[in-house]
1. For residue A:283, tell me the accessible area in Å² from a 1.4 Å probe, rounded to the nearest 10.
2. Putting +1 on Lys and Arg Cβ atoms and -1 on Asp and Glu Cβ atoms, find which of A:134, A:50, A:27 reaches farthest to the positive end of the dipole of the protein assembly as shown.
3. For the modelled label position 7 Å from the Cα of residue A:222 along Cα-to-Cβ, which residues of segment B:30-60 have backbone nitrogen atoms closer than 17 Å?
4. Under 8 Å for C-alpha pairs, at least 6 residues apart: give me the relative contact order for segment B:9-82, rounded to a whole percent.
5. What is segment A:81-169's relative contact order, in percent, from Cα pairs under 8 angstrom and six or more apart in sequence?
6. How far is it, in nm, from the label point at residue A:282 to the one at residue B:67 when both lie 7 Å from their Cα along the line to the Cβ?
7. For chain A, what relative contact order do you get, as a whole percent, if you take Cα pairs closer than 8 Å and at least 6 residues apart?
8. Mind checking the per residue accessible area of segment B:93-241 for me, 1.4 Å probe, whole number of Å²?
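The values are calculated or read from the model by the stated rules, or taken from the named source; none is laboratory data. What you see is a predicted model, and the numbers here were worked out from it, not measured in a lab. Positions of Cβ are generated from backbone atoms using ideal geometry, with glycine treated the same way; all protein chains shown enter the neighbour counts. Heavy atoms of the whole protein, side chains included, go into the accessibility calculation; ligands, DNA and RNA do not. Shrake-Rupley method; radii C 1.70, N 1.55, O 1.52, S 1.80 Å.
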Amino acid sequence: MSRLLVTTVGPATSVQDAGRYGAQRYGLTPSGAMDRLSLAIANCLVGNPLFAAAIEIGPLGASFTARDGAVRVALAGAARGSRIGDHDATPYQSHLLAEGESLTLGAARDGVFSYLAIEGGVQGEQMFGSLAVNARAGLGSPYPRPLQGGDAIETLAASTAPEHAILLPAPVQGPIRVILGPQDDEFDRDAIAAFLDSEWKISGTSDRMGYRLEGGLEVRHLHGHNIVSDGTVNGSIQVPGNGQPIVLMPDRGTSGGYPKIATVISADIGRFAQIPAGRGLRFRAVGMSEAQAAARDMAKLLEGLPSRLRRPTDSSFDVDALQSANVAGSAISAFDVPT
Amino acid sequence: MAATLSPPRILPSGDAAITVEFSRKIDDEANRRVLTLDRVLADRPIAGITETVPTYRSLLVHYDPAVIDFDTLAGKLLACAQREGRADLRARRWRIPVTYGGEHGIDLEDVARTLGMTPDRLIALHTGSAYRVAMIGFTPGWSYLSGLDPAIVMPRRQSPRLSTLAGTISVGGVQTGIQCLSGPSGWHLLGRTPVRTYQFRRDPVFLLEPGDAVTLYPIDAREFAERDEAAEHGEIVAELVPS
């Protein structure tokens, strides 16, 4: 058994997997990774099941040290500097951390969350089939809270498998796609236009429960902002009294009493989660068939990830490979150092 | 020929969930139809449905769009929801102890004064009703009860409290409820129960089901402390009434 010691860590860093389902009827929110595709890619690189638990790393830097043996890791998601000892550790590739070696990650330069997958996964006690942290409900394993310096993740000793890189399609870009409803009839045409035509910014007070939007036109309700509570999903866009929408994320309340003007489609919720505070974004309304086609495409992409694995190129200066490997946005320079 | 019921509204909640809405208001008959549809779907599952979440007035149906598309599922849900007959809701009956007032229910006296009654009268009315768990939501175990006596209906507080105690029993509008975990609340705090509606290392983890019948009865602060201690160690301090 090896351990990955959390040497330093910022806020909003926690163990996450696909989340826990089946108990939303009892008020238990699913939690789980903010960006499931990046979680799956990181896991794929180290040979884990795609939705095995990994470390979701928030926007600030972090460092980890292998103890009691070697640990194989891979990083995906938000672009950030990444080094093992004195050497650059290319993201979107697996790397071996020898006993005592440290992985040092800088702050996210583009995107918000990165996923550090560990070969053999995170050892912990499944709670409703998940290790995902839900601090309010006291759930999550090995720690039912965000990670802190000094925490240790138990894992399997690294295998002798070769390292892997991955060849990914160009990331989806453009406006975040939504389906209007379920309570779009609580808004008139002008209010829906205000929502769809505004450029919004993610507020700095956003978290894993919800992303608050600001800077757009006021989205006015027809009949006030109280409705009888009903169920929510990841991506529900509720409009409270101030007319500035909140997009509900995986730690949301399972029910809510504000009208929901629209819902981010499931294929886009991960890339929405990666938009940093202060960055502008727009929404685009799509029909059900486009949204469900995007969902099927995403399912196919996930299913096909293992077939996209490659042996890493010998040179860590292969800019083409680095660019194609970067789903979070801008190119990653091999010369970047942690900040 | 079986009679058909009025159709619910089928509303998309994104591409992987459908809201089946029976009413826009808090409405006992609508809640009964929500729970009936929930039971029907549990007894005769439709492939592709991953999870259902009953609320006062609607049933949220999560599904996998790779298995079933919106139109197909919407059609099946409409057919199920309009079928005549009440599924056996198999409701259990619970008696749940509550200590009212004092440090455990800091709004009891204010609420009684506002409603023009004595605190004892308020407690008598609050424990005199037959409640049903209309929904569980927001945070784990937060159980919304329907059946509040109309004489104790109070608008919610102007500004919510950021933190209220685990086990709080409160009223807000036409609703009353059992809050399991500590957290924010805009309701008026009448008392506390030692009963944990959610406790992870206990069997069952979740005590109440939507549709269960609930009556409340008063206990004093000393009894509360004793049962709270027992509940902390995993004892179910609510009583299941034999049917």
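1. Ignoring ligands and nucleic acids, residue A:283 comes out at about 10 Å².
2. Checking the options against the dipole of the protein assembly as shown, the answer is A:27.
3. none
4. 35
5. 27
6. 3.8
7. On the way: 887 pairs, mean separation 73.6, N = 339.
So the answer I get is 22 percent.
8. Ligands and nucleic acids excluded, the result is 42 Å² per residue.
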